[in-house]
C-alpha cells in the first residue's frame, strides 16, 4: 500500500534537512491543494504545476521557504494514514500553540483554525510546525 501524501511530506522533510531550495514530485489534486495551503500559510515560497517533456503526467515544483538560513518547516508529520484514518469532530480538533494541523473537510482542505471557525470536522491529514 502506498501513501502519496506521506511521500510528499517525507520529500519536504528530507529537503529541509538537506537545506534544499526546491522539491519536485508527481502531481495529484490533493497534493496540489495541500501545497497551495502551505503557501497560503507561509510555510512554502511557491508551488507550481508543470509538464516535463518525455515523462508521463504532471509534476509539482515546490520552493521551500527559509528565514535566516533556517527552514520555516521545522517538523512536518502525517497524522491520518491509509491503514489508520484519524477523524475529529470540530470540538475535538487539536489546538496548536505553534504550527497548524491540516484537516480534510467536506468543504476542502483547511487549517484547524479555519475548520473551527466554519464549524467543520474531518480527517486530520498532517501537522506542520
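No lab work stands behind these numbers, since they all come straight from the coordinates. For clarity, every value in this text was computed on a predicted model and none was experimentally measured. With ideal geometry, Cβ positions are generated from the backbone for all residues, glycine too; neighbour counts draw on all protein chains shown.
Out of 108, 54, one residue alone is on the phi > 0 side of the Ramachandran plot and touching a helix residue (DSSP H, G or I) at 6+ places or on another chain (Cβ under 8 Å). It is 108.
Here residue 121 fits the description: over 20 Å from residue 7 (Cα atoms) and touching a helix residue (DSSP H, G or I) at 6+ places or on another chain (Cβ under 9 Å).
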